[in-house]
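This report concerns only the one structure given below.
What follows is calculated from the coordinates using simple rules that are stated; it is not laboratory data. Because the structure is a prediction, the values reported are computed rather than measured. Quick reminder, even Gly has a Cβ in these numbers, built from the backbone with ideal geometry, and neighbours come from all protein chains shown.
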């Protein structure tokens, strides 16, 4: 018996990609998965993405690493760390053409859920999204990290990446300006703590 196909029809996705051709390619893949064109919002920069992410509910964000002055890691770290963000706990898939140690570590520390290297195969994108939406990991809020919980293996992997970095090499976190963001009215007080679950 074949596995039942996942229904993407009700999902709202934000796609952040500054390369026009890559954005069109990912868009076509998502539409082929069954995502409705009206539910797919695209932008090529962090400023517009922040306006959208603070004022509209999404089920998933797909973002490139390189986005100009700010990258996907800076964007993720900003929304994960802000209680006012409607989509603070949203699954985030980061795609990159050159997944070197520094980028991978910055992405993981920022709170992204998954990484995917370019060139992207449709099957890889499909199953990565499928896993993120059907098997979400518990969300963690601590003093030094906000994002999906990391397994023991993933934490060990992060530590080995840190150890392999050249001496003195640090990830550069750039501050995202939020002065132009119109925050939505909160109907209830946001939850400030979640259990720190690592299996």
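So what is log10(I(q)/I(0)) for the stretch 13-164 at q = 0.11, 0.12, 0.14, 0.19 1/Å, when the Debye sum runs over its Cα atoms only? Log-scaled intensity ratios, in q order: -0.39, -0.47, -0.65, -1.26.
By the Cα gyration tensor, the stretch 12-74 has an equivalent ellipsoid whose semi-axes, rounded to whole angstrom, run 19, 15, 8 from largest to smallest.
Look at where the Cα atoms of the stretch 91-131 and of the stretch 11-70 average out, and the two centres are 14 Å apart. Once the mean of 1/r is taken over each pair of separate Cα atoms and inverted, the stretch 91-144 shows a Kirkwood hydrodynamic radius of 12.2 Å. Descending by average beta-carbon neighbour count within 10 Å, the peptides 66-72, 123-129, 31-37 line up as 66-72, 123-129, 31-37, the highest first.
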